[in-house]
Structures are given as C-alpha cells and as structure tokens.
Amino acid sequence: MVDIAVVSYATGAGVFLILSLVLLTGEQGRPHKRALLVASLVSTLWMGVTAAAQAFQLSNIWSYLLEPVRDLALLAFMVRILSAAYQQPEQAMHHFRRTTGLLASFALLLVMMVLYRGVSGMPVLSTGDVDLLFAGFMVMSIAGLALVEQVIRNARAESRRVVKYLCMGMGALFIYDFYLYSHALLFSGIDPVLWEARGFINAIVVPVIGIAAARDPQWSLDIFVSRRVVFHTVALLGAGIYLLAMGLGGYLIREYGGSWGTIAQVIFLFGAVLMLAVLLFSAQLRASLRVFINKHFFHYKFEYRDEWLRFIHTMTSDEPGETLRERSIRAIADILDCPGGLLWQYRDSHRYEPVAGWQAPLPQGDCSLQSDSSLVRYLSDEDWIIHCDEYRALPQAYRDLEVPAWMRRIEGAWLIVPLKFHDRLLGMVVLLRPRVAHSLNWEDYDLLRIVGRQVAVHLAQQDAAQALLQAKEFEATNRLSAYVMHDLKNLIAQLSLVVSNAARHKNNPAFMEDAIHTVENSVNKMNRLLTNLRSGRDPRHKLALVDVCTVLEEVVQTMSAGSPVPSLDFQATGLQVRADQDRFAAVIGHVVRNAQDATPDDGMVIVRLFKQNDQAVIEVQDTGHGMDEAFMQQRLFKPFDSTKGKSGMGIGAYETRDYVRGLGGEVEVISRVGEGTTFRMRIPISDEAKNSVKSADKNDNGRIDGQRLEETTGY
C-alpha cells in the first residue's frame with residue numbers, strides 16, 4: 001500500500017524543484033530572485049528528505065533538522081524584499097544581515113533542540129504538556145506571517161497587483177505551519193492527517209508564488225516601510241511575547257503553587273495584563289520605542305509625508321480654546337515629542353515679545369528682545385537652531401552669540417527655533433526638553449527650519465488679516481466721517497443762502513416762515529448726523545419704507561434757494577423704496593446741487609420720476625456744460641477728486657453710486673459737452689409697495705424711453 005505521506009512530500013518536492021529550475025533559467029542578478037531560489041532549493045531538499053524518511057521508515061529527525069533551515073530560507077527571502085526599501089545598498093545589506101542573523105540564531109537553537117532530542121530521546125525543555133520545540137516552530141511561522149503583513153501593508157498601490165500573489169502564497173505556507181504546530185501544542189502531538197497533507201499544501205501554494213515570480217515584479221522599487229506600521233507591529237509583537245511569557249509563568253505557578261496555585265495564577269495573570277496596559281499607555285515608553293525604531297530600522301529618521309500631513313492637521317485644527325499661536329508651537333513641538341514650548345513674535349515696538357505658550361507658562365518680568373540684540377541677529381543671519389545644552393557646554397560653537405540670562409533660566413529650555421518669513425525674522429519658538437533624549441542630526445535641524453518657515457507664513461497671514469480688518473474699520477469710520485462732512489457742507493450752503501437773502505427779504509413774512517422751516521430742518525439733520533457719527537452707525541443699514549415723491553418734493557424745495565431753481569416732473573406716483581429717508585434725500589440733494597453748479601442761472605434743472613420694470617427711476621437732467629467720455633470713465637466716480645477746487649470734496653458722485661448700489665440699484669450718466677447731463681438712478685421698488693403703486697403714466701405704462709429722453713435733452 002502506498003504511503004500517503006510519501007506521495008504528499010514527494011509531490012511537494014517535485015513542484016518546488018520545478019520552481020527552482022524556472023528561477024535558474026530566468027533573469028539573474030536580482031537579490032530577491034536569488035533569495036527565492038535559495039528558499040525553493042532548501043524546500044525541495046527538506047521535502048525530499050522527509051519523503052525518503054517516510055518511504056524507508058527512518059526517523060523524522062532528519063526532517064526536523066532541515067525544517068528550521070527551510071523556515072530560515074523563507075524568512076530570509078521576505079527580509080530581502082523588505083530590505084530593498086532602503087535606497088542605499090549598504091543600508092539594505094546591513095538591515096538584511098542584522099535581521100537574518102537574529103532569525104538564524106533562533107533557527108540554530110531549534111536545530112540544537114532537535115539534536116538533543118535525537119540523542120537523548122527526551123523532549124527539550126518540555127514542561128508538562130508544552131513541547132517547546134513545537135512552540136519554536138510556531139514562533140517561526142508567526143515571524144513569517146508578520147513579515148508577510150509588512151510586505152503587503154507597505155507595498156505601494158500600483159505594485160500590489162503583483163505583490164499580492166507572493167504574499168498569498170507565502171502567507172498560506174506560514175498559516176498552515178502555524179495551525180499545524182498550534183494544534184500539536186494543544187493536543188500534545190502532531191496530528192498525522194495534518195502532517196501527511198502538508199506536502200500537498202506546499203505543492204498547491206507553489207504556483208501562486210510562481211505567478212509572482214513569472215511577472216518579475218520590481219519589488220526593490222515598489223516596497224517602502226512605514227514607521228507607523230513598524231511601530232504598531234513592534235508594539236503588538238512585544239505585547240504578544242510579553243503575554244506568552246506571562247502565560248508560561250502563570251502555568252508554572254499553577255503547577256507548582258500547591259493549594260494556592262490556581263488563585264496565585266489568576267492574581268499573577270491579572271497583574272500582568274494590568275502592567276501591560278500601564279506600559280502601553282506610557283508616553284515615555286512610546287517615545288523610547290519610536291527612538292529605538294528610527295535609530296535601528298530606518299535610514300531616514302522621519303517619514304516626511306506623515307510629518308507634513310500631521311503639520312497641516314495641527315495648523316488647521318480648531319481645538320476649543322487654542323489659538324493659532326498655540327497651534328504653531330504644538331506643530332513644531334510634536335516633531336520631537338517635546339512636552340511644551342513658548343513663542344516670541346515681533347511687535348510694532350521693534351521688540352520681540354512672548355505672546356503665547358503651549359503647555360508652558362509665559363516667563364515673568366521683562367522678557368522681550370530688542371531687534372538689534374545678539375540672539376535676534378544670530379537667528380536672522382544664520383537661520384540655525386540653537387541647542388541650549390550645546391550652547392552651555394560649548395558656547396564658542398555659536399560664535400559671538402549671547403543668550404539673555406532670563407532665557408537661560410527658563411526651566412527645561414532645549415531648542416530655539418527661528419521663524420523666518422522671506423528674509424525677515426518674524427519670531428522664535430523655545431521648545432522644552434522631551435521625555436526621551438534625542439541625538440539630533442542634520443535631518444532634525446532641516447525639518448525644524450522648514451516647519452519654522454511654514455509656521456512663520458501662517459503667523460504673518462494672521463497679522464496681515466488683523467491689520468486688514470483694522471484698516472477696514474478705520475476706512476468705514478473715515479468714510480462715514482467724509483459723508484457727514486459732505487452733508488454738513490451742503491447744509492451750511494443752504495443756511496448761507498438763507499443768511500445772504502435775509503437782508504433783502506427780512507420784512508417778507510413768507511420768506512421768514514420758509515427760512516425758519518429751513519433752519520429747523522437743517523438743525524434736525526445735523527443732530528441726526530452727529531448722532532450717527534458718535535455711534536459709528538452707517539445710515540444705509542437703517543432702512544424703512546420711503547415715499548419717493550415726498551423725498552423729491554423735499555429736495556426740490558430745499559434746493560430752490562439756489563439757481564437755477566429745479567422743477568419736478570412726476571410721471572408716476574406712489575412709488576416706495578426701502579432706504580433711510582435722510583440719507584436718501586441727502587444723496588438726491590448732492591446730484592441736484594451738482595447739476596445747479598454745472599448749469600448757468602438761465603439754464604434748466606429737471607428732477608423726473610417714473611417707473612420701469614419694478615424700479616423707481618429718478619433722473620436729474622440739466623442743461624449745463626456737460627462732461628466728456630474720458631472724464632466720466634476716469635474721474636467722475638473717483639473719490640476725493642473734485643473739479644471745484646478747494647470748495648469741493650469730490651465724494652458726491654461716488655457716495656451717490658455707492659449708496660444706490662447698496663439699495664440694490666444702479667446709476668447711469670448720459671452727458672455731452674456743451675449740451676448738458678442726465679444723472680439716472682434706478683432703485684428697486686419695495687415688495688410691500690408694488691401692489692399699491694398708482695401710476696400716472698405719460699408714455700406707455702409709466703416709462704419714458706430712450707427716444708423720448710433724447711428728444712427732451714437733445715442727446
């Protein structure tokens with residue numbers, strides 16, 4: 001009868017031999033190909049020896065002796081792939097030799113255990129039902145699974161199409177081995193069925209690995225190692241080893257603890273788990289582990305993509321109660337795990353003052369720096385990080401630098417990082433000493449300088465935004481003051497007309513009644529203007545329903561003191577808009593006053609109102625000297641540009657357009673030199689008043705078209 005185990009392992013040996021021949025005939029010279037060839041040849045030898053031992057009914061010691069070598073060859077192949085992540089060949093070789101040496105030491109230990117068992121016939125370090133030889137083989141399979149996980153997790157997205165077949169094949173081998181030996185540990189012996197099927201399982205897996213080999217992937221170019229993944233993997237592996245050791249200790253306590261054994265085991269295991277939780281949440285332990293990994297497993301200390309994403313997240317986060325300055329300190333401090341820091345920033349007094357602290361109190365007393373101080377000059381000229389410990393031990397390394405005494409007294413001060421914006425020193429950050437000491441090199445200094453420059457950009461933008469906001473507030477105040485002064489000028493002009501005509505018409509009761517009414521209105525308007533000026537309120541924001549006809553009648557009556565006397569032409573009545581009545585009347589008055597100033601006494605000024613497309617259209621038409629196209633485009637609406645010399649402020653037309661646009665309307669100007677000007681204002685009719693409009697249409701639905709306008713004005 002044919003032995004199933006013989007057929008199984010012979011089949012596996014034959015398939016691995018075919019894979020070896022394929023690798024021998026393929027392209028040579030790539031380290032990962034050579035490593036896979038070695039692993040395939042060793043697997044062929046191991047399975048061939050196992051099949052022969054089963055066929056001739058020899059001891060399995062030869063199979064057990066070769067199995068650690070086979071496991072070592074497979075693990076070395078996976079380590080070779082991961083080592084290719086190092087760009088420098090000497091770094092890759094160093095990583096490969098160091099890791100493979102550790103694995104070889106463990107494999108040698110297993111070989112010695114097999115030899116001892118073969119010579120003495122007794123299990124090596126067997127404790128009760130625990131066979132440590134089987135446990136050692138299981139540890140090798142766990143190490144293989146960890147390496148497979150590292151390869152697939154750290155492979156770039158574009159290379160996973162090829163790498164996945166390799167990882168599936170290798171992972172299947174290690175998973176089956178793990179299941180085989182974990183089952184053996186649980187049931188105190190290897191299951192014969194699992195052992196006999198092992199050769200077939202290996203044969204099935206080989207084609208999957210062959211697909212990856214046939215596609216000839218450039219693993220050396222497409223694999224990278226993530227520090228974050230390595231950190232968590234090492235932490236998880238360490239936790240597993242710790243729990244395994246604690247489990248073994250608990251087992252020994254139960255076996256040899258007598259009547260208290262079970263209770264002592266529970267107490268011991270509970271304390272072990274509690275201790276593990278304390279260690280995993282220890283910031284100092286995590287920092288030490290990161291330093292160890294960066295120092296011994298990576299060529300570059302930082303994974304710059306992660307650092308940049310972390311920096312952006314910190315600077316743009318909106319933590320409650322945390323300002324941009326505090327976030328800036330935290331963004332720099334997190335690079336080296338510093339527990340806190342302080343920020344000095346340039347102020348208008350030509351001094352650098354402490355403005356913020358993150359997890360550190362601001363220093364007491366006068367801790368500002370003059371712009372010409374030694375520290376400021378050094379940071380500005382050298383753009384270099386100051387290491388406080390190095391400065392105290394070797395001050396000559398920093399040339400003529402003199403750090404202020406109060407800064408040397410800051411508890412825990414470790415590094416001083418300049419914040420340069422363009423070629424100007426915007427400020428500096430003092431970082432506190434981290435939990436775990438770092439040996440700084442060029443990479444630390446370069447990253448701190450780059451991040452410092454980016455922080456300076458954010459702080460400069462914040463200062464610029466605050467300055468712009470302050471400038472806008474001043475601008476609003478100045479604009480309101482200019483408008484009020486312009487209105488006061490017009491009111492003074494009206495009162496001056498009353499005064500100049502009072503001597504001639506003082507005995508005319510009608511004139512005196514009009515004069516008193518004009519003075520009363522002017523006083524009321526000036527009081528309202530002064531109230532708005534004191535409160536800083538813009539009258540444009542105090543809106544109410546205003547009857548346009550009433551406002552125009554008031555404006556024309558007020559402006560009738562000047563010449564030529566304006567006339568009214570209502571082509572629609574009952575039109576209402578939302579505006580501030582005083583401000584609205586003042587704006588219309590500006591336009592009428594400008595029309596009077598531009599028109600001779602024997603000329604004509606007409607104030608016209610009509611409705612067009614749900615808009616109230618107000619026109620102020622004059623027969624004055626007019627304006628050319630260049631003036632209207634370049635100077636008419638330019639603030640503080642006046643053609644009246646010192647008597648004008650140059651904001652009447654600008655204020656009119658600005659106010660009308662604020663009401664949702666628009667301003668149009670039609671003018672010809674020597675013929676006159678029409679100033680047209682279109683303002684939306686209020687929705688509340690649309691249904692109550694009483695039209696007095698004189699030209700087809702209450703509007704005057706462009707042809708009628710040209711006929712009446714001559715242009």
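For the stretch 444-453, the condition of being over 16 Å from LEU336 (Cβ atoms) and assigned by TED's automatic domain parsing to the domain that holds ARG325 holds for at least one residue. Looking at PHE187, PHE137, just one residue is of a type in the set (Phe, Trp, Tyr), at pLDDT below 85 and either over 15 Å from LEU82 (Cβ atoms) or not assigned by TED's automatic domain parsing to the domain that holds LEU19 (or both), and that residue is PHE187. Against the list (1) in contact (Cβ under 8 Å) with a residue 12 or more places away in the chain; (2) buried (at least 18 other Cβ atoms within 10 Å of the Cβ); (3) within 26 Å of LEU115 (Cβ to Cβ), the condition TRP62 fails is (2).
Residue-by-condition table, conditions (1) at pLDDT below 80; (2) small (Gly, Ala, Ser); (3) surrounded by 16 or more Cβ atoms within 10 Å (Cβ to Cβ); (4) part of a loop (DSSP other than H, G, I, E, B):
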site	(1), (2), (3), (4)
TYR659	no, no, yes, no
SER671	no, yes, yes, no
ALA689	yes, yes, yes, no
ASN701	yes, no, no, yes
GLU710	yes, no, no, no
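Selection over the stretch 597-608 of residues that are modelled with pLDDT of 90 or more and closer than 24 Å to ASN521 by Cα gives a count of 4.
Applying the set (1) in contact with a Ser or Thr (Cβ under 6 Å, 6 or more places away or on another chain); (2) in a loop (DSSP other than H, G, I, E, B) to LEU362 leaves exactly one unmet item: (1).
Touching a Gly at 6+ places or on another chain (Cβ under 9 Å), assigned by TED's automatic domain parsing to the domain that holds VAL451 and exposed (fewer than 15 other Cβ atoms within 10 Å of the Cβ): is that true of TRP406 in this structure? Full working, then the answer.
Details: touching a Gly at 6+ places or on another chain (Cβ under 9 Å): yes; assigned by TED's automatic domain parsing to the domain that holds VAL451: yes; exposed (fewer than 15 other Cβ atoms within 10 Å of the Cβ): yes.
When the stated conditions are applied, TRP406 passes them.
Across the stretch 673-687, what is the total count of residues that are at pLDDT 85 or above and in a loop (DSSP other than H, G, I, E, B)? Number satisfying all stated conditions: 4. Screening SER500, SER496, SER563, SER522 for residues that are over 25 Å from ALA616 (Cβ atoms), at pLDDT 70 or above and crowded, with 16+ Cβ neighbours inside 10 Å leaves exactly one candidate, SER522. Please go through the stretch 326-357 and pick out each residue that is over 23 Å from ARG435 (Cα atoms) and out of contact with any Ser or Thr (no Cβ under 7 Å at 6 or more places or on another chain). Correct list: TRP344, GLN345, TYR346, ARG347, ASP348, SER349, PRO354, VAL355. Somewhere in the stretch 337-358, is a residue in a loop (DSSP other than H, G, I, E, B), loosely packed, with under 13 Cβ neighbours inside 10 Å and not charged (D, E, K, R)? The answer is yes; a qualifying residue exists. Only a single criterion out of (1) exposed (fewer than 11 other Cβ atoms within 10 Å of the Cβ); (2) modelled with pLDDT of 70 or more is not satisfied by SER535, namely (2). Once the stretch 74-117 is narrowed to residues that are at pLDDT 80 or above and of a type in the set (S, T, N, Q), the residue that is nearest to LYS33 (Cα to Cα) is THR100.
Given the condition modelled with pLDDT of 85 or more and either surrounded by fewer than 20 Cβ atoms within 10 Å (Cβ to Cβ) or assigned to a helix (DSSP H, G or I) (or both), answer yes or no: does some residue in the stretch 118-132 qualify? Checking the stretch 118-132: not a single residue is modelled with pLDDT of 85 or more and either surrounded by fewer than 20 Cβ atoms within 10 Å (Cβ to Cβ) or assigned to a helix (DSSP H, G or I) (or both).
Does VAL436 satisfy the condition of being under 30 Å from GLU390 (Cα atoms), modelled with pLDDT under 85, surrounded by 11 or more Cβ atoms within 10 Å (Cβ to Cβ) and among the aliphatic types (A, V, I, L, M)? In short, yes.
Any residue at all in the stretch 370-383 that is closer than 26 Å to ARG327 by Cβ, out of contact with any His (no Cβ under 6 Å at 6 or more places or on another chain) and among the basic types (Lys, Arg)? No, because not a single residue in the stretch 370-383 is closer than 26 Å to ARG327 by Cβ, out of contact with any His (no Cβ under 6 Å at 6 or more places or on another chain) and among the basic types (Lys, Arg). Consider the stretch 168-195 and keep the residues that are more than 46 Å from the chain's Cα centre (by Cα) and among the β-branched types (Val, Ile, Thr). The one that is surrounded by the most Cβ atoms within 10 Å (Cβ to Cβ) is ILE190. Restricting the stretch 503-513 to residues that are in a helix (DSSP H, G or I) and modelled with pLDDT of 75 or more leaves a set whose member that is nearest to GLU554 (Cα to Cα) is GLU513. Taken as a whole, the stretch 625-647 holds no residue that is under 23 Å from LEU568 (Cα atoms), out of contact with any Cys (no Cβ under 9 Å at 6 or more places or on another chain) and either of a type in the set (Val, Ile, Thr) or at pLDDT below 50 (or both).
The values are calculated or read from the model by the stated rules, or taken from the named source; none is laboratory data. A quick note: this is a predicted structure, and the numbers were derived from the prediction, not measured. Reconstructed Cβ throughout: ideal geometry from the backbone, glycine too, with neighbour counts over all protein chains shown.
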